[in-house]
Amino acid sequence: MFKKRIVSLSIIFILIFTSATSFSKEAILSNSFDKGKLDKGLISINYSPSKNSKLKVMISKGTSKYTYDIRTNNQFPLQLGDGKYTISILENIEGNKYRLLEKEELNLGLIDKNKVFLQSIQLINWNEDMEAIKKAKDLTKDAKSDLDKVKAIHSYIVNNISYDKEKIKNLQAGYLPSIEETFKSSKGICYDYSALFSAMLRSIGIPTKLVMGYNNDIKEYHAWNQVYLKETNEWIIIDTTYDSAYVKNELSVPMIKNPKEYLVEKEY
């Protein structure tokens, strides 16, 4: 779970940010937008900010908008389906006011619409050399189906990762999970749980979404996963943070959740 205070600040910021009118009218054409992985549903930003500048990228399609800080790993998903996207690079000028530096428009048409949920992105940053990814392959080497693979990784996480109550007290806006840190420390918040689960499943070829919103039983903003099973052609909801609490108290809980118990606000 995210701490309520942090989430409230983030939501207020995004509302002000997306309604700001202090954008320059001219977009500068450059090589800042790397479209080499569009067939995987990804856009990369190659932009070197000036010293002390704060940059964001806004990805929009229709009325949906996603904003991210521009950091070192700037690979972002185009997860809103096929169609026209607008990608904007924005620079902070004061307070919550941003000006447009560059803009790119593109039309996405994917052969495999689930492919985007197999990739490494800024929020779910993984590679084959990570111990967590090696563990995923080891846990699933004898599995007969994708569901068996999901169960194996789910069992590992809920039995070995503990909720970090101290971390949530000092969480800062803009926090990004570290797959390796969560795996090595064996603790984290809901964002860490869901990012780790996503990375491990994606690495073995199972499309997985990191989802943010609300659970009926949890007051705070929350993160969980949706996992695609090709055998049944369906997306299922799995909440490793929720299940971990039950397992730690030696209580049984179904792995697959009821969609009616969750309210989705963002998915990656």
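Read-outs: derived from the displayed coordinates by stated rules, not from any lab. Just so you know, these numbers come straight off a predicted model, no measurement behind them. FYI the Cβ positions are ideal-geometry reconstructions off the backbone, even for glycines, and counts take in every protein chain you see.
A few points about this structure:
- Total formal charge among the other residues, if their Cβ is under 10 angstrom from that of residue 126, Lys/Arg +1 and Asp/Glu -1: -2
- Placing a label point 7 Å from the Cα of residue 137 along the Cα-to-Cβ line, the residues of the range 194-220 whose backbone N sits under 20 Å from it are 196-208.
- Set of lysines near residue 84 by C-alpha distance (under 21 Å), chain-local residues within fewer than 8 positions excluded: 25, 35, 37, 40, 56, 61, 65, 103, 113, 115, 266
- Positive minus negative residues near residue 35 (Lys, Arg vs Asp, Glu; Cβ under 13 Å): -2
- Positive contributions from Lys and Arg (+1) and negative ones from Asp and Glu (-1), summed over other residues with Cβ under 9 Å from the Cβ of residue 192, come out at 0.
- Taking the average, over residues, of other Cβ atoms within 10 Å as the packing measure, peptides 197-206, 61-70 rank 197-206, 61-70 from highest down.
- Spin-label model, residue 165 to residue 93: label points 7 Å out along the Cα-to-beta-carbon direction sit 4.7 nm apart.
- Pairwise centroid distance, computed over Cα atoms, of the range 187-215 with the range 69-142, Å: 14
- Shape of the range 92-224, Cα gyration tensor, a/c cut at 1.5: oblate
- Candidate aspartates and glutamates for bridging to residue 97, where Cα separation is under 20 Å - those fewer than 8 sequence places away on the same chain excluded: 26, 69
- A simple charge model with +1 on the Cβ of Lys and Arg, -1 on the Cβ of Asp and Glu and nothing else charged puts the dipole of the range 131-267 at about 200 debye relative to its Cα centre.
- Crossing angle, helix 190-203 versus the chain [Cα axis fit, 0-90 degrees, rounded to tens]: 80
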